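Heads up: the structure comes next, in structure tokens.
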Amino acid sequence: MRGLTSGMDARLGGVRAPQARDLVIMAHCVRIERYEITVYSLALRLARKLDMGHESVVLDWILAQEMAAARGLEALEPVLFQLAEKGGRKK
Ligand SMILES: [Fe+2]
């Protein structure tokens, strides 16, 4: 996780346009959510395999939250793409 966030800091260093910065931040947030989905999915499958009922319920709930967060971020894509296009045309 630290590597994912430090990657974002490094990429933002050279980006000046606010719209482009928003896109970089969003892309990294989606990347983090996808990472979390992968990790929680694995943990959930393991908990189910080991018949860990309570843990499975909790992990399933967390996984649903992570998936909702990823969908929410992805829903912003069209707006950010429009802003980036408008920003690019001003040059
Ligand atoms: Fe998350």
Residue within region 15-24 that is under 19 Å from residue 72 (Cα atoms), among the β-branched types (Val, Ile, Thr), in contact (Cβ under 8 Å) with a residue 12 or more places away in the chain and within 16 Å of the ligand (Cβ to nearest atom) present: no
Filtered residue count, region 39-91, keeping only those that are surrounded by 11 or more Cβ atoms within 10 Å (Cβ to Cβ), of a type in the set (D, E, K, R) and more than 16 Å from the ligand (Cβ to nearest atom): 4
In region 26-49, the residues that are within 11 Å of the chain's Cα centre (by Cα), more than 13 Å from residue 67 (Cβ to Cβ) and not hydrophobic (A, V, I, L, M, F, W, C): 28, 31
Residues satisfying the stated conditions in region 34-91, i.e. more than 23 Å from residue 5 (Cβ to Cβ) and outside any helix (DSSP H, G or I): 50, 51, 52, 90, 91
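Read-outs: derived from the displayed coordinates by stated rules, not from any lab. Please read all numbers here as calculations on a predicted model, not as lab measurements. Positions of Cβ are generated from backbone atoms using ideal geometry, with glycine treated the same way; all protein chains shown enter the neighbour counts.
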